[in-house]
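Working notes for the structure below.
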Amino acid sequence: MSSFEKLALIVCEVILLSQSIYLFVDARKNGFNQWMWGILGLIQAPIPLIFYLIVKKIRKKEEDELYDYRDY
């Protein structure tokens, strides 16, 4: 294995690990299943992160609409 391949492998590991940690912590804070999102973040990048942000935005929008109806 060349030094370039080793460096590329280390960079990929850092990206996947940091993405997984972010998804785990943020999912716990927002009431999602943190273990599922953390494991998905370890599998590949950046699809789980993009999907999580979309799901989080949709859920936030639904909660805001629910609270709007309770104001009446």
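The values are calculated or read from the model by the stated rules, or taken from the named source; none is laboratory data. Please read these numbers as outputs of a predicted model, since none were measured by experiment. Surface accessibility is based on the protein's heavy atoms, side chains included, excluding ligands, DNA and RNA. Shrake-Rupley method; radii C 1.70, N 1.55, O 1.52, S 1.80 Å.
Observations on the model:
- Relative contact order for the chain, counting Cα pairs under 8 Å that sit 6 or more residues apart, in percent: 25 percent
- Share of carbon and sulfur in the accessible heavy-atom surface of the chain [1.4 Å probe, %]: 68 percent
- Evaluated over the chain, the Cα radius of gyration and Dmax, each in Å: 16.8, 66
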